[in-house]
Every structure is written in structure tokens, then in C-alpha cells.
Amino acid sequence: MLQLTDSPPIQSLSSVEDAYEVCRRVTAKYSKTFYTGTMLMAPAKRRAIWAIYVWCRRTDELVDGPQAQFTSEKTLDRWESQLESIFAGCPVDDEDVALVDTLEQFPLDIQPFRDMIAGQRMDLHRNRYDTFEDLELYCYRVAGTVGLMSTTVMGIDTQLQTAPWSQQQQLDPTPQAIALGIANQLTNILRDVGEDARRGRIYLPLKDLAAFDYTEADLVAGVVDERWRALMAFQIDRARRFYAEAESGIGLLSEDARWPVWAALALYRQILDVIEKNGYDVFTQRAYVPSLRKLLTLPSTLLKARVL
Ligand SMILES: CC(C)=CCC/C(C)=C/CC/C(C)=C/CC/C(C)=C/[C@@H]1[C@@H](COP(=O)(O)OP(=O)(O)O)[C@]1(C)CC/C=C(\C)CC/C=C(\C)CCC=C(C)C
Ligand SMILES: [Mn+2]
């Protein structure tokens, strides 16, 4: 290829195999829960989820990562242009190579990716949410979209679609996939209340705080009292209702996807149990599920994947 002398050397992008290996390492490093889930999947689907995870992580880190102070609307505009390039089959950097390959194998729609960027734009300008409806839109954008992306890769059980009774039954698990994303995001928000408050963000709906006579000042001060415990119990109950809705859709997924999703759901939902065990003190204790507890959870999720 003609190399113009005054231009910087054109870096050749990594191979597809190397790009997926980078995605595997990033997923394993940043989310043991999701990595565990992907290791229960068929290899082609597992790699695709790693590629999606890295794109989602990079998108989130534009606003939540170490370089967030330099991120503006224009940054997100450029990121969306890079997304369009990926969907046109033209990777811009090494990690893109894996997602371009994934798009050649799975019919992913660009819209959930655009919606995820729209969610990050909300984090640029918004640090309070008046109502749960406001917060639900944010959760759909940053997490419900992940459910849509993941479901396209994991696939739907085709035998169910051709069954004689299939017309009567809802076979499209989209609502449940979005519900699991929202449930995960609500869990994430409850776990990180203290950390987010220290960054000036309160995701808990202000109308909910008011309903329990708990103020923004109480939250910023990390007050844990009967009002806080009642408010958190209400939030946890709502998150569990979204998990329950998600459960009803897992049986519609292709067989090899059910265990990974049951596992990811159960492991993430356990964070809520830990928050309760910690007396709802999310200000001085970061709720996490010990590895042994995660391991001991897997057999019951396998049973559920086989019978539900
Ligand atoms: C097993 C499986 C298919 C997992 C999907 C893995 C995946 C692609 C995750 C992407 C997560 C991500 C980095 C999104 C960017 C925005 C963000 C940070 C969202 C929050 C995630 C927290 O990620 P993480 O744990 O790494 O961050 P912390 O370090 O803990 O802060 C979110 C909480 C959203 C996560 C949402 C999902 C994983 C969607 C799950 C839904 C499905 C897999 C659909 C299942 C289908 C049915 C029918 C139920
Ligand atoms: Mn974020």
C-alpha cells in the first residue's frame, strides 16, 4: 500500500481472534458475574457477548470512567459515528474488530446501541430523577438495551415458535429482557447510592425520598435510620418485581442460553440480599456476593434452566 511519508504510519488493526481475546479479558476483569454467565454459553455466543460487553463498558466509561471530565456531547456524537462505522463493517480500533465480526454472525439492531448512548447523554446533564418513570427511562437506556442486545445473540427457542399452541402464547421475550436489564440497573443503583452521592448523583426518585420523609441532605450525610430502611425496602421490593418479570421470559430463550441468564440473574439479585443483611447501610459497606456463595448458587440455576 502507498504510505505517504508525512502521514503517521497506518496502524493495522488486530486480528479477530486477538480482538475477542481482549474482550474476554476486559469482561473477566470488570464483571465476574457476567463473565461467569458467558462461560456457560456456547463459544460463538460467548464471544459475541464479550464484544458487546466491551462496547457497553467503553460507552459507560466515556461518562463514568477516568477520562469522564473530558467527555462532552461532541464526544458522544463522535462515539455514535464510530458505532455507525462498526455497523457499516468498518472497525475504527482494535476492540471494534470483535464487534464487527459479531455483527456478521448475529442480526443485531443498531437502535439499542444508540439508546445506550442516549442514556449516557442523560448522565452528562442530569443528576436527579423526580419520579420512577423518569428513572425507568434512564434504566431502559443504559441497561434494558443490554438485554435486547444479549437476547439477539442468545436467540429464542425455535421449537417453541413452531409449536401448535405458539400463536396463543407470548413468545417474544423482549419485555422480560428489558425487565432484567432494569432490575440489574436498579440493583446497581441501590448498591452504589453512597458512591454516586459522593459524585453529586442521586438516582433514587426524589418523590420516593419525600414519601418516606427522607431528604437529599440525609442521603448525602449517609443517614441510616428507620426512614432509610423503609425507603430501601421499598426500592428492593420494586427491583425484585422486575427480576420476577424477567424470570418469566428465560424459558423462551434458546436452551443453551437459559442457564447463563438464570445464573446472571441470580448472582446479581443476590446483591439485594446482601444489602438487606448489611442493614441497608450502603454508605459505609459495598454490598458484594462472595465467590463461594456465587459458586454454590450455580447448581440451583442449572436446575431452573432445565425445568422452568
Ligand atoms: C450473561 C449475559 C448475557 C450478560 C450480559 C453481559 C453484558 C453485555 C453486560 C453489559 C453491561 C454494561 C457494561 C453496560 C454498560 C452500562 C452499565 C454499566 C450498565 C450496568 C451494568 C453493570 O455492569 P457491571 O456489573 O460490569 O458494572 P459494575 O462494575 O457492577 O458497576 C448494568 C447493571 C446493566 C446490566 C444489564 C444487563 C446485563 C442486561 C441483562 C439482560 C439479559 C442478559 C437479557 C436476558 C433475557 C431475558 C429474556 C430475561
Ligand atoms: Mn454509567
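The values are calculated or read from the model by the stated rules, or taken from the named source; none is laboratory data. Bear in mind that the values here come from a model prediction, so they are computed numbers and not experimental data. Here the Cβ is made from the backbone with ideal geometry for all residues, glycine too, and neighbour counts use every protein chain on show.
A few points about this structure:
- Contact map, region 112-137: first residue under 14 Å from Ile202 (Cβ atoms), second residue part of a helix (DSSP H, G or I) and at pLDDT below 95, Cβ cut-off under 8 Å, separation 6 or more or different chains; pairs are Asp123/Asp64.
- Of the residues making up region 173-206, those that are surrounded by fewer than 24 Cβ atoms within 10 Å (Cβ to Cβ), of a type outside the set (A, V, I, L, M) and either within 20 Å of Tyr288 (Cβ to Cβ) or within 12 Å of ligand 2 (Cβ to nearest atom) (or both) are Asn188, Arg191, Asp192, Gly194, Glu195, Asp196, Arg198, Arg199, Arg201, Tyr203.
- Boolean, Ala68 is within 26 Å of Glu195 (Cβ to Cβ) and not basic (Lys, Arg): yes
- Enumerated helices (runs of 4 or more DSSP H) restricted to region 1-119, each holding at least 1 residues that are surrounded by fewer than 16 Cβ atoms within 10 Å (Cβ to Cβ), among the aliphatic types (A, V, I, L, M) and near ligand 1 (Cβ under 10 Å from one of its atoms): 32-39
- Residues located in region 47-58, provided they are in contact with a Gly (Cβ under 9 Å, 6 or more places away or on another chain) and farther than 14 Å from Thr151 by Cβ: Arg57, Arg58
- Leu209 passes every criterion in (1) within 16 Å of ligand 2 (Cβ to nearest atom); (2) without any contact (Cβ under 8 Å) to a residue 24 or more places away in the chain; (3) buried (at least 18 other Cβ atoms within 10 Å of the Cβ) apart from (1).
- Only a single item in (1) touching a helix residue (DSSP H, G or I) at 6+ places or on another chain (Cβ under 6 Å); (2) within 11 Å of ligand 1 (Cβ to nearest atom); (3) not small (Gly, Ala, Ser) is not met by Tyr129, and it is number (2).
- Every pair of residues 6+ apart whose Cβ atoms lie under 7 Å, when the first sits in region 85-105 and is on the phi < 0 side of the Ramachandran plot while the second is assigned to a loop (DSSP other than H, G, I, E, B) and hydroxyl-bearing (Ser, Thr, Tyr): Asp94/Ser14; Val97/Ser14
- Residues (of a type in the set (Lys, Arg), in contact (Cβ under 8 Å) with a residue 60 or more places away in the chain and either within 16 Å of ligand 2 (Cβ to nearest atom) or buried (at least 19 other Cβ atoms within 10 Å of the Cβ) (or both)) located in region 226-279: Arg269
- Scanning region 132-148 for residues that are among the aliphatic types (A, V, I, L, M) and within 13 Å of ligand 1 (Cβ to nearest atom) yields a total of 4.
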